[in-house]
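To start, the structure itself, in structure tokens.
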Amino acid sequence: MNTVVTSKEAILKASKEIATAKGLQALNMRDVAKHCNVAVGSVYNYFPSKADLAAETVEDIWKDIFHKLSNTHNENNFIERVTWLFETVNSGVKEYPAFFTIHSVNFANEDKAKGRKVMNEYFTHMKKGLLQSLQNDNNVKKNTFNETFTQEHFIDFVFSNIITLLINNQQSCYVLNEIIKRTIY
């Protein structure tokens, strides 16, 4: 085996290629090293554990999902934002098999926090975008939200339904959009 040192970016690229071809559950240090044509120790120089490699791979996949597609929706239209988010993530899920169902359980028990942290950072970012879009949508009925039915509760409901649709391999969020329309417009 070649012991040439490689870069962190090259290792992450190889890791994502393995995740694309075989899923995140197939990710391991030895295969990544082989894919990069380097010694396993070279991978450990950048990633002290499989959990660290997996966490950074997951983060890189999230970046790919959100930065490959253009932001062509009207950010002040909540329905358009929901549809864009669903379609963007659905496109990424097709590129990375079983991404949602596996990445949070891909980490050893003691390292689950790393995977959850990355996932929660992206989920929080997505929810903030949804909330901003909801707040900027002038078509939302006045008095829709109150102390017991807050915008944040509504965003949590919508977001959890988007994730459920994606996990269940649904190709459309049409029904969710109809529920949203009938609730807030």
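Please list, ordered by residue number, the helices (runs of 4 or more DSSP H) wholly in region 59-149 having 2 or more residues that are at pLDDT 85 or above and either in contact with a Phe, Trp or Tyr (Cβ under 7 Å, 6 or more places away or on another chain) or not assigned by TED's automatic domain parsing to the domain that holds ALA19 (or both).
In region 59-149, the matching helices (runs of 4 or more DSSP H) lie at 78-95, 112-136.
Can we say SER42 is more than 19 Å from the chain's Cα centre (by Cα) and in a helix (DSSP H, G or I)?
Against the criterion (more than 19 Å from the chain's Cα centre (by Cα) and in a helix (DSSP H, G or I)), SER42 qualifies.
Show the residue pairs that are 6+ apart or on different chains and have beta-carbon atoms under 7 Å apart, the first residue being within region 167-184 and under 17 Å from ARG81 (Cβ atoms), the second being of a type in the set (A, V, I, L, M) and part of a loop (DSSP other than H, G, I, E, B).
Filtered contacts from region 167-184: ILE184/VAL140.
Listed here are the residues, each with its yes/no results for (1) touching a residue at least 60 places away in the same chain (Cβ under 8 Å); (2) under 16 Å from the mean Cα position of the chain (by Cα).
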| site | (1), (2) |
| --- | --- |
| LYS117 | yes, yes |
| ASN120 | no, yes |
| LYS128 | no, yes |
| GLN132 | no, no |
| GLN135 | no, no |
| ASN139 | yes, no |
| THR150 | no, no |
| HIS153 | no, no |
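Regarding region 33-46, can at least one residue be identified that is modelled with pLDDT under 85, surrounded by 14 or more Cβ atoms within 10 Å (Cβ to Cβ) and out of contact with any His (no Cβ under 6 Å at 6 or more places or on another chain)?
no
Which numbered condition in (1) among the polar types (S, T, N, Q); (2) outside any loop (DSSP other than H, G, I, E, B); (3) modelled with pLDDT under 95 is the only one that ASN169 fails?
(2)
Evaluate region 2-15: report whether one residue or more is at pLDDT below 90, among the hydrophobic types (A, V, I, L, M, F, W, C) and more than 30 Å from THR164 (Cβ to Cβ).
Looking for residues that are at pLDDT below 90, among the hydrophobic types (A, V, I, L, M, F, W, C) and more than 30 Å from THR164 (Cβ to Cβ), one finds at least one in region 2-15, hence yes.
Anything in region 155-185 that is surrounded by fewer than 12 Cβ atoms within 10 Å (Cβ to Cβ), polar (S, T, N, Q) and over 20 Å from the mean Cα position of the chain (by Cα)? List them, or say none.
none
Looking for something surrounded by 17 or more Cβ atoms within 10 Å (Cβ to Cβ) and among the hydroxyl-bearing types (Ser, Thr, Tyr) - is there at least one such residue anywhere in region 16-29?
No: zero hits.
The values are calculated or read from the model by the stated rules, or taken from the named source; none is laboratory data. It should be emphasised that the depicted structure is a prediction, and the values quoted were computed from it without experimental measurement. Glycine also receives a Cβ, built like all others from the backbone with ideal geometry; neighbour counts cover every protein chain displayed.
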